Amino acid sequence: MVAEVTQITEQEAELYDRQIRLWGLDAQKRLRAARVCVLGMSGLGCEVSKNLVLSGVKELKMVDSKLVSTEDATSQFLAPRDKVGENRAEASLQRLQQLNPMVNVTADSDNSKDKQADFFKMFDIVVATNCVKDELVRINSICRAEKILFYAGDVFGFFGFSFMDLISHEYVEEEKVQTTEDGGEEEPAAKKMKTMELETKSVRKAMTFVSLAETLKVDWSSELYAKRIRRMDPSFFLLQVLFTFQSETGHTPRPADREADLAKLKKIRDETLTKLSVPTTKIADEMLGLLFAELSPVCAIVGGVLGQEVIKAISNKDAPHNNYFFYNPLESCGVVETIGY
């Protein structure tokens, strides 16, 4: 749970003035107390980190063992181009810190696979990007046990996704309630209607979440879920194909080996959907051809949504996404799916 700071300094109040006007002083106090860990500093990790540092969290740690490569030029905007060959997290540190000197920004060059519960316990929020399925499930399990808010996300070409597990989350949502003033029994009905007004009230609500592992165990042949397949966006099933592709090949779809990887994707698509009892026509060949490289505009979309969801959860304002968000490249739109309940 994010602890509340007692007060915000005059300098912070001036810097965060617009945000305080938008979501209130109490929400900004909670943001100033939040400790965030971002795993993976590719384009998506950069977008999320940038958004959270600008919002004014207390601390943000970047964790990435990979080195800056020439391919990072497509979406990684925090590491200068002359830092090719250096650690991605450390190369991103200076530019990210310059965005907001009031946030304590640090870099860690270790592999996330080497991080255990003692490390993650230092944070209120963990955002995992560039991780394979088994690693996401492992980190999510640790976060649930330690009551840490968990987010996951990745971008594959024109396709992107995010997942969140807030365990049990309380939030406040504004609702418009119709109120009337009684004009008296002798007043005509037409006059009474004129006294009806809409009043905005803050309503406290609660929402429960399931783990990533639970969403991946869903039996799509069951009566409950089989009915959903036809009307569902194909993005969730595409994610299962990509998870399997990464598990079998050890990498994401590569532009340099497009033909070979595309053939592999089609084969895995047919095997995976058949195993899930989902028609293989659910994912078109056209969609498989859009999964190569990490594109900056898609990182901006998914990273913007992820950053927004983290801020909503910290501030306890408005309903969070429960539990997947997908960016569908064929439809050019975002889709929220609730899976695993």
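The values are calculated or read from the model by the stated rules, or taken from the named source; none is laboratory data. Keep in mind it's a predicted model, so treat the numbers as computed, not measured. Every residue, glycine as well, gets a Cβ built from its backbone with ideal geometry; the counts of neighbours run over all protein chains shown. Just so you know, the surface numbers come from the protein's heavy atoms only, side chains and all, with ligands and any DNA or RNA stripped out. Shrake-Rupley method; radii C 1.70, N 1.55, O 1.52, S 1.80 Å.
Residue by residue, here is whether (1) within 25 Å of A73 (Cα to Cα); (2) out of contact with any His (no Cβ under 9 Å at 6 or more places or on another chain); (3) in contact (Cβ under 8 Å) with a residue 24 or more places away in the chain holds:
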position	(1), (2), (3)
L212	no, yes, yes
P255	yes, yes, yes
E259	yes, yes, no
M287	yes, yes, yes
E309	no, no, yes
Residue identified as under 23 Å from E173 (Cα atoms), open to solvent by less than 30 Å² (accessible area, probe 1.4 Å) and in contact with a helix residue (DSSP H, G or I) (Cβ under 7 Å, 6 or more places away or on another chain) among Q76, Q19, Q28:
Q28
Single condition G45 does not satisfy, out of (1) open to solvent by 20 Å² or more (accessible area, probe 1.4 Å); (2) touching a residue at least 60 places away in the same chain (Cβ under 8 Å); (3) more than 25 Å from E10 (Cα to Cα):
(1)
Run T244 past the list (1) farther than 24 Å from G45 by Cα; (2) in a helix (DSSP H, G or I); (3) touching a residue at least 12 places away in the same chain (Cβ under 8 Å) and report the number of the one that doesn't hold.
(1)
For a quick check of your reading of the model, give me the residue pairs whose first member lies in region 92-117 and is in contact (Cβ under 8 Å) with a residue 12 or more places away in the chain, whose second is open to solvent by 30 Å² or more (accessible area, probe 1.4 Å) and of a type in the set (K, R), with beta-carbon atoms closer than 8 Å and at least 6 apart or on different chains.
L96/K50; L99/K50; V103/K58; N104/K58; V105/K61; T106/K61; A107/K61; D108/K61
Considering only region 193-216, state which residues are exposed (fewer than 10 other Cβ atoms within 10 Å of the Cβ) and either among the charged types (D, E, K, R) or part of a loop (DSSP other than H, G, I, E, B) (or both).
E199, R204
Which one is surrounded by the fewest Cβ atoms within 10 Å (Cβ to Cβ), of the residues in region 80-102 that are touching a Lys or Arg at 6+ places or on another chain (Cβ under 8 Å) and modelled with pLDDT of 95 or more?
L99
